């Protein structure tokens with residue numbers, strides 16, 4: 001027993017044909033552009049701080065990752081701009097551990113586009129107890145990240 005082919009309603013066939021035609025035109029246009037490759041590097045009019053393929057400033061993101069690379073990462077979300085480390089205990093001081101959260105708030109390379117938070121715990125009788133973090137420690141981490149981001153931007157502009 002042979003089955004007859006299922007006939008699609010006319011509007012569905014037109015939409016499908018239209019999509020296929022649009023896709024074919026797009027592929028053809030891309031192939032044409034690929035053949036036009038020039039010897040020079042394309043120039044952009046965008047500010048270097050705004051050139052990125054992620055949701056936040058690329059220089060801040062990379063600098064933040066490099067700065068907190070001493071600790072294992074729990075979360076790194078480039079679209080949302082959040083980096084969270086796991087608890088890290090310095091081998092020289094195993095009775096104290098820290099956890100760092102870096103949040104990048106903007107696509108511009110600005111000091112107010114960066115927020116760093118830290119948590120600290122100390123071991124007392126085998127239990128971890130919350131301890132205060134000095135404000136200077138958080139400020140120092142922010143300064144390191146901003147300095148690295150500016151250096152990365154300078155290097156990118158120089159090349």
Touching a strand residue (DSSP E or B) at 6+ places or on another chain (Cβ under 6 Å) and surrounded by fewer than 14 Cβ atoms within 10 Å (Cβ to Cβ): is that true of residue 127 in this structure? no
Output the number of residues of the range 144-159 satisfying the condition of being assigned to a helix (DSSP H, G or I) and exposed (fewer than 15 other Cβ atoms within 10 Å of the Cβ). 7
Of (1) within 25 Å of residue 59 (Cα to Cα); (2) surrounded by 15 or more Cβ atoms within 10 Å (Cβ to Cβ); (3) without any contact (Cβ under 8 Å) to a residue 60 or more places away in the chain, residue 96 satisfies every one except (1)
Among (1) part of a strand (DSSP E or B); (2) under 10 Å from the mean Cα position of the chain (by Cα), the one test that residue 56 misses: (1)
Of the listed residues (107, 139), the one being free of Cβ contacts under 8 Å to residues at least 12 places away in the same chain, under 26 Å from the mean Cα position of the chain (by Cα) and closer than 22 Å to residue 75 by Cα is 139
Here are the criteria: (1) crowded, with 18+ Cβ neighbours inside 10 Å; (2) in contact with a strand residue (DSSP E or B) (Cβ under 6 Å, 6 or more places away or on another chain). Tell me which single one residue 84 does not satisfy. (1)
With assigned to a loop (DSSP other than H, G, I, E, B), more than 17 Å from the chain's Cα centre (by Cα) and farther than 24 Å from residue 55 by Cα as the only criterion, which of 119, 92 stands out? 92
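Where a number appears in this text, it was derived from the coordinates with a stated rule and is not lab data. These numbers come from a predicted model, not from an experiment. Note that each Cβ is placed from the backbone with ideal geometry, even for glycine, and that neighbours are counted across all protein chains shown.
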